[in-house]
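Every number here is computed from the coordinates shown, using simple stated rules; none is lab data. This one's a predicted model, so the numbers in the text were calculated from it and none came from an experiment. No Cβ is skipped: glycine too gets one built from the backbone with ideal geometry, and neighbour counts run over all protein chains shown.
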Amino acid sequence: MPGLIARVQPMKIHQEERHFRTKGGLHITDITDDVRQIVAESGVTDGICLVYSPHTTCCVRVNEFESGMFEDFARLLRRLIPHDTYYAHDDWDRRTENICEEDMEVGNGHSHCMSMVLGSASESIPVAGSELQLGQWQRVLFIELDRERDHRIGRIKPGLLDLHLVEALAPASPHRVGKRGGDVLAQAQHLADI
């Protein structure tokens with residue numbers, strides 16, 4: 001496109017890690033204030049906050065922080081995935097992969113199954129005006145599905161992206177591309193490659 005001018009604003013990325021101890025067995029920790037503090041200190045004004053846990057028996061979810069809901073949730077999970085049943089993951093005569101001596105004392109196959117049912121180890125939350133865009137009752141929750149361990153450390157790892165759409169202008173062209181026109185990200189990548 002002859003005469004095309006592109007204005008690209010840099011994308012700001014901020015990553016930070018927080019540590020905290022968890023309690024065992026379906027313990028839910030409200031980490032909303034920690035995540036809000038990270039967003040406020042990051043300098044990111046608009047974008048996405050990714051909160052991620054690298055642990056296989058933990059989940060990060062956005063939901064209401066209310067004790068009655070937690071009782072219902074725990075009862076449902078324990079009914080679907082009981083602790084006191086056979087799990088091949090805990091069968092040490094059979095299992096040959098990813099062996100941790102600590103797990104041999106107390107099985108955690110049920111925790112891995114719960115994690116698979118619950119899904120994601122992360123949540124992506126919009127950020128606008130340097131604020132998390134959560135609903136009135138929404139909170140960022142860290143859910144421990146395994147037993148209590150003295151060395152168990154949960155990590156909050158938000159990756160904040162300050163997103164600015166690329167505005168490509170061709171002053172005398174009918175092919176003006178802006179925030180609403182066409183595939184802006186593909187066009188931005190094409191412009192960056194030129």
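Just a few scattered comments:
- At an R0 of 41 angstrom, the distance between the Cβ atoms of residue 136 and residue 56 translates into a FRET efficiency of 0.80.
- FRET E, pair residue 18, residue 66, Förster distance 25 Å, beta-carbon r, rounded to 0.05: 0.60
- Taking every Cα-Cα distance in region 16-162 and sorting them into 10 Å bins starting at zero, the pair-distance distribution P(r) comes out as 11, 38, 31, 15, 5, 0 percent.
- Gained length - residue 101 relative to residue 36, 0.36 nm times residue gap less alpha-carbon distance: 19.7 nm
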